[in-house]
Each structure stands twice: as C-alpha cells, then as structure tokens.
Amino acid sequence: MKKTLLLIIPLFFLFVGCEEEQDTTPPTVSISSPVSGQTVNQIVTILVTTQDNEGIDRVEFYIDDSLFFTDTELPYEYQWNTTQYGDGSGHIVKVISYDNSGNLTESQPIMLIVDSRVYLWGEYYHPSITTTLNLSDKNLGGSIPPEIGNLINLTDLSLRGNQLTGSIPSEIGNLTKLIYLVLRNNLLTGSIPQEIGNLTDLSSLSLNINQLTGTIPTEIGNLSNLTWLELNNNQLSGEIPESICDLNIDWNNNFYISNNQLCPPYPSCIENYVGVQDTTNCN
C-alpha cells in the first residue's frame, strides 16, 4: 500500500506541474500591408505578420467587424475585392491571430479608403465606364503609369505625340479589350513587353518613332486580329520572330518596320517589306 502511494504522489505532482506550464502567452500580430489611411482599389492584398512560440493556428480577417476570411498557412494574407464598394468609402480592417494553445490577439485596426478611379496625368478615370482614352498631342511627360492597366474596359488608347519616357509597362497586357493602341512619336525606351501578346482583339498597333530597343517578342504572333502594325524608327534589334507571319496584315500597305537594327534572315512573309535596317551589329 505504501509503495502504491509513493508512486501516485509523484505522478500527481507531475500532472499538476504540467498544468501549471500550459501556454498562456498570446501571439503577436500586425497588418504589415497596406497601411492605415491608404487608398486602395481593385483586388487588395492584406498581408499579416504574426508570431508565437507555440505556433499559429489561424488568422481571421475582418472588414467592418464582419469575418471575411480565415487563413491557416503562411503567408497569412487575404485578397480583398473592393470593386463592390463605392468610391470614397472608408472601411475598418483588423485581424485576429490564434496560437495552437487557443490564445488570441487582435491587431490594431487600420482604415482603408476605397477608390477604384485611376488617376492619370491630373485626371480621374473610372474603369467601368472608360472605354476611350485619347491624350494625343497634350505635351505629356514622364512615364506611362502602370495603373493604366486598371482601365480594363479600354478599347482605344492613344498617347501619340507627347514626351513620354521610360518603358511600356507590362500592365498594358491587362487591357484585353483594346482594339487601337497608339504610342507613336514619344521618347519611349526599353523593350516591347511580351504581355502585348495578351491583346488578341487588337486591330491597330503603332509603336513607331520612339527609342525602343531589344527584340520583337514572339508573342506578337498572338495578335490574330491585327491589320495595322507600325514599329519603324526605333532601335529594335535581333531577328524578327517567325510568328509575325501568323498576322493577318496587308504587308505591302499596312506594315512598317524600317529604320531599326533588325537582322537577317527575315521571315519569308515580310522579307520584301523590312525596308532599311542598320545591320552593323548583326552576326
């Protein structure tokens, strides 16, 4: 009997000791992006930083005190679609982090302002109703803002005859409803983005009289509706991709590619229409 008691007593204290060591320390948590007071639009990534010595079980995302999403894996984030909210509306965002012991911490809330309008060259444009943007010959300077890719209903974009610099943003590939894209007669540099191949409704593409460099992307062959192409008077180099022959263009009348640094051999469909090329650096 005494031996039995001697065994039970240590086990009792061991059990009590385990209970006393239960984790009661809550996790740390904060919203790392975006920042409070920021104006947001379209799809916004709410990114959370949270840590705990026992590990994180889940993170809950609240918009205006309503639970929108629960994430259980790193990175802890939520893609918030703001398109359902009115422009200028403010919304409180917070998160609650739970550790594996059930402890929780609520983050400091942040205020975000939803405004889906796109601000370009001193004016606001609403993506849902803006189908044409003609800012030709307006003496515009600076680069083409990547936010232009948010105007997803554009069918006609003309920025010709300005002083625009920098590269053509890859976000131009988001404008999948474009029929006319005119960027001619600017000071644009860099290469033609491969995302240009996303614009399969495009009928007319004018990138001539700039300072574009690099090769013509193979994706240009995706533009099955293209009937007019101007790439002349740039500094394009390398070989012309064979995919250009997939285009439905009147090469004799609606195709302009002279005054570049494009190298032979040229695709058979255009070999008689490449015009003058500086082949000094060709192998």
Within segment 63-166, strands (runs of 3 or more DSSP E) holding 1 or more residues that are within 21 Å of the chain's Cα centre (by Cα) and not aromatic (Phe, Trp, Tyr): 77-81, 110-114, 118-120, 132-134, 141-143, 156-158, 163-165
Members of segment 139-168 that are within 13 Å of PRO193 (Cβ to Cβ) and hydroxyl-bearing (Ser, Thr, Tyr): SER167
Residue in segment 127-134 that is touching a helix residue (DSSP H, G or I) at 6+ places or on another chain (Cβ under 9 Å) and modelled with pLDDT of 95 or more present: yes
Residue identified as farther than 30 Å from GLU54 by Cβ and either polar (S, T, N, Q) or in contact with an Asp or Glu (Cβ under 9 Å, 6 or more places away or on another chain) (or both) among THR105, THR82: THR82
Condition check for ASN198: of a type in the set (S, T, N, Q), over 22 Å from the mean Cα position of the chain (by Cα) and in the same structural domain as ASN139 (by TED's automatic domain parsing): no
Pair list, Cβ < 7 Å and 6+ apart or interchain, from segment 83-111 residues that are under 15 Å from THR24 (Cα atoms) to residues that are acidic (Asp, Glu) and assigned to a loop (DSSP other than H, G, I, E, B): ASP99/ASP52; ASP99/GLU54; ASN100/GLU54; SER101/ASP23; SER101/GLU54; ASN103/ASP23
Meets criteria (at pLDDT below 95 and not hydrophobic (A, V, I, L, M, F, W, C)) for GLN42: yes
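The values are calculated or read from the model by the stated rules, or taken from the named source; none is laboratory data. What you see is a predicted model, and the numbers here were worked out from it, not measured in a lab. Counting neighbours? That spans all protein chains shown, and the Cβs are built from the backbone with ideal geometry, glycine included.
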